[in-house]
1. Using θ = phi - 60° and the Karplus relation 6.51 cos²θ - 1.76 cosθ + 1.60, list the HN-Hα couplings for segment 2-19 in order, rounded to whole Hz, with x at every Gly or Pro.
2. Return P(r) of the chain (all Cα-Cα pairs; 10 Å bins starting at 0; whole %; ordered from short to long distances).
3. Note down the relative contact order for the chain as a percent, whole number, built from C-alpha pairs under 8 angstrom at least six residues apart.
4. Students often check this: by mean Cβ neighbours within 10 Å, which of 83-89, 57-63, 19-25 ranks highest, and how do the rest follow?
5. Against the longest alpha carbon principal axis of the chain, how many degrees, from 0 to 90 and to the nearest 10, is the axis of helix 70-81 turned?
6. Please give every one of the lysines within straight-line cross-link reach of Lys58, meaning a C-alpha to C-alpha distance under 17 Å, and leave out same-chain neighbours fewer than 8 residues apart.
7. Please list, in chain and number order, the residues 5+ apart from Lys58 or on another chain whose amide H is under 5 Å from its amide H, with Hs placed from the backbone.
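All of the numbers you see were taken from the coordinates with simple rules; none came from a lab. Note that the structure is predicted; figures quoted are calculated from it, not measured. Reconstructed Cβ throughout: ideal geometry from the backbone, glycine too, with neighbour counts over all protein chains shown.
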Amino acid sequence: MLKITCIVRPHKLEEVKTAIAWFDISGMSVSDVRGRGNSPERPTLFAGEEIVVALPLKSKIVIVVADELVEPIIEAIREAAHTGEPGDGKVFVEPMLDALRVRTGERGETAI
């Protein structure tokens with residue numbers, strides 16, 4: 001089992017969720033986060049004025065999947081989130097030691 005965490009532009013969230021759904025993933029967590037990667041802060045045009053957004057809004061998606069699904073899912077996320085501009089996001093993959101479904105007591109991949 002591996003945990004995939006991706007940070008994407010908010011307007012790309014629906015496309016990324018749709019791309020992930022093709023893999024019949026049983027669950028995901030989505031949250032709004034603020035932050036920036038290694039791109040420098042730059043002015044953005046908002047309501048006709050240039051402003052600097054120090055920590056822009058991003059969408060964070062977390063899923064836990066079987067090992068064999070990781071590469072195809074990462075590629076699907078990359079394709080769905082890509083704009084070609086700085087700030088498209090990041091994908092992180094981490095090993096998961098275990099999972100527990102509280103309701104049934106199932107463990108491991110059967111719990112996800």
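1. Coupling constants for segment 2-19: 9, 9, 10, 10, 10, 10, 9, 5, x, 6, 9, 4, 4, 5, 5, 4, 5, 5 Hz.
2. 13, 40, 28, 13, 5, 1
3. Details: 179 pairs, mean separation 48.2, N = 112.
43 percent.
4. Numbers: 83-89: 12.3, 57-63: 18.3, 19-25: 13.9.
The packing order, highest mean first, is 57-63, 19-25, 83-89.
5. Rounded to the nearest ten degrees, it is 30.
6. Partners within reach: Lys12, Lys17, Lys90.
7. Val33, Arg34, Gly35
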